[in-house]
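To keep things clear, I will list the structure first and then write my remarks on it.
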Amino acid sequence: MRTNTPWFILAALLAAVPATDAFAEAVKRSSKTSSSDEEDDESSGTEDIDEGTMLRNQAPRLEGLPEEDGRVGLRETLQEQYNRPYDNVVYRGAEVLQLPPEFVHGARQGLELIYLRNYPGALEHFGQMDKDYPGSGLGPVGRGLIYQALMLENFDFDYEPQYETSWSQAKSELTAALEMPGNQAWENFLMVGVVGVEAIHATRRYNYVTALSKAMDAFRYLERCKDLAPDFPDLVLADGINNYWRSVVALNTKLIPDGEDKRAEGISQMKYVETNGIFVAAPTSLALTFTYLEERDIKRALGTASRGHQMYPDNVINNLVLARIYIYMRRFTQSEEICRQILEDDPENERVHYYLGLVYSRTKRMDQAIAELEQYLGYELIDEYRATTLYRLAGFHYRKGRYVEAEDLYSQAVKVNKHKGAKKRLERMKRLKKEGRISY
């Protein structure tokens, strides 16, 4: 079960990321106070524990309590913390990156609006951030992410001019900001995102040389950010993706040398960021979903996608993946419900018609399936998706005994990008026709 993204290219780009000790240190610290959620809880029995041991294991009695003035000061401190205007994660991010809490809160709020698919609200928010923090790069980065999200919803490039304008402004502002002291960790982190997204965008355009060059630039910014903010949990995502996908590439191709299989470690690192990330927890959940699909672990993929749906019910990108997962699980009614919700959120979404076509075909509603794929073919599609859709549509016609239409559609798929499956189907049809088993 493969994702639509050319993962082996992305993996090769990520394979050069050196590992960091940030994750190991963070896990070491957290293990002192909590146990893994995958461990069995076998500590509830007390049959073999004597009374002395139980007493020793009790919390110690508090001695040397502060005087009344001290207790008043403690209460005031706790009350001050209770009345703080932002969530604790904001102050954690402010401390790690040495930024004002209100700035961290503003950045998180803008990203949250994108995840919620409130694009008008996000555009307005990042416009205000431009005014409040001129030259920070945050405004144009936010706008560029909105346009990228819109394109990923349909796997198209309709907003490429707007994205490129925003990205050019972001790079200009961040390049200038990096020349001045202060906020260096944050600015390098933003540059990791900016250049990393450029690499992914180039990969979608099949410009692999450009993608590799951009990826290497992103790695350099990443290393600088690690040096400046070693406790920044979001950086562990790069290690997780690197460890997992590098291992996948090494096991399946000769693009990179064989090495230790670090898939489990990579998944663990991504799970850490999903729980502890300051800015990228939500995208990490989506990364985990694709990872579990690669692992053919549909149950866990459903878990992360479902959690994403609960938190961000209108997020079209996550919902498209969730619809696919339900198809894999043959839960067609639920897949159709998600597809209908996508059309409610975005009536102009194109990709959803492909998934509806699959749902209808597998529930024996072939006329509806054909209509959905024909509608999808009416959009401007990249060659990969057009050929795959022609191949699917040809199969639908074949199942209805429309052999002329099927042969024509298979031929079109081969013409578009030499689709191997379509070529094999054409050869099979010719053989069956020659044997007299089908006629047209």
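In region 346-440, which helices (runs of 4 or more DSSP H) lie fully inside it and hold 3 or more residues that are under 23 Å from Arg330 (Cα atoms) and touching an Asp or Glu at 6+ places or on another chain (Cβ under 7 Å)? Lay out the reasoning, then the answer.
Values: elements: 351-362, 366-377, 383-399, 403-417, 420-434.
Helices (runs of 4 or more DSSP H) meeting the threshold: 351-362.
Scan region 394-440 for residues that are of a type in the set (S, T, N, Q) and more than 19 Å from Ile370 (Cβ to Cβ) and report the count. Full working, then the answer.
Keep residues of region 394-440 that are of a type in the set (S, T, N, Q), which gives 411-412, 417, 439.
Going one step further and asking which of them are more than 19 Å from Ile370 (Cβ to Cβ), we end up with 417, 439.
The number of residues fulfilling the criteria is 2.
Which is in contact with a Cys (Cβ under 7 Å, 6 or more places away or on another chain), within 24 Å of Asn154 (Cα to Cα) and at pLDDT 95 or above, of Tyr355, Tyr360?
Only one candidate qualifies: Tyr355.
Within region 251-267, can one find any residue that is assigned to a helix (DSSP H, G or I) and within 24 Å of Tyr163 (Cα to Cα)? Outline the logic, then answer.
Looking only at region 251-267, we keep the residues that are assigned to a helix (DSSP H, G or I), and these are 251-252, 263-267.
Next, from what is left, pick out any that are within 24 Å of Tyr163 (Cα to Cα): none.
No - not one qualifying residue is present in region 251-267.
The values are calculated or read from the model by the stated rules, or taken from the named source; none is laboratory data. For clarity, every value in this text was computed on a predicted model and none was experimentally measured. Using ideal geometry, Cβ is built from the backbone for each residue, glycine included, and neighbour counts are taken over all protein chains shown.
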